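No lab work stands behind these numbers, since they all come straight from the coordinates. For clarity, every value in this text was computed on a predicted model and none was experimentally measured. Using ideal geometry, Cβ is built from the backbone for each residue, glycine included, and neighbour counts are taken over all protein chains shown.
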Amino acid sequence: MENNFIIGDSTLFAKGLNLVLTNFGFLTIEQIPYENINKLKNGVNSEGNIFWIDGAYNSKTALSFCQSQLKKLANSKTFIFCNSRDPQLIKSFLKAGISGYFLPDCSPKCIKDALFQVSKGNKYIDPILSQILSQTMLGLESKRSGHNPLTKREKQILNLIVEENTTQEIANKLFISFCTVETHRLHLIQKLGVRNTAGLVREAVTQNIYEKSMNSMSF
């Protein structure tokens, strides 16, 4: 059985991940805080390791670790958990040699699927991100709204994003699920040809898509 190392602070996320891995039958699971990362240089470099990196609030530190250490860890698998949906950052992690990229709120099933895919020699990307990332990596230009008009619901969500509502707040206001809002957000990113929420706000203002909430909330 492979050794597992959870890299990051001892947070609720790390404890939950530890429990999931234990339920999957992994017996050797060690928590390594970022400040003790040198421990990896002093012996934890044998084959058959799996590294689970909490990059939710330390994406730069996580990327730096991957870029400097993964080439030294032969035949090891490395999975990163990160909030970022930026295709360029995800590509940087993949280029550094990670095996899989998850959003922190992924389900245990995603982790199980990833382990299976990686055992077959494949990379794993969180399903929520796979479509937008594949388009970016293939060099496809996203269609602008003039060629691919926004739906009424997408305009509502875009307006609420511009007004600095969180995903959960948007879900509550429109009486839809958190995941549905995230799906619409990704569709907006693709249609407007941007990389992140800041780009959505910029394009909403530039293209005069934004309307005040009173108008945008009509169904």
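The figures follow:
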| item | result |
| --- | --- |
| Exceeding the 26 Å Cα-Cα cut-off - candidates LYS112/LYS155; LYS123/LYS173; LYS91/LYS173; LYS95/LYS120 | LYS112/LYS155; LYS123/LYS173; LYS91/LYS173 |
| Percent of alpha-carbon pairs separated by more than 12 Å within the range 152-216 | 63 |
| Ranked list, fewest to most other Cβ atoms within 10 Å of each Cβ, for THR78, THR28 | THR28, THR78 |
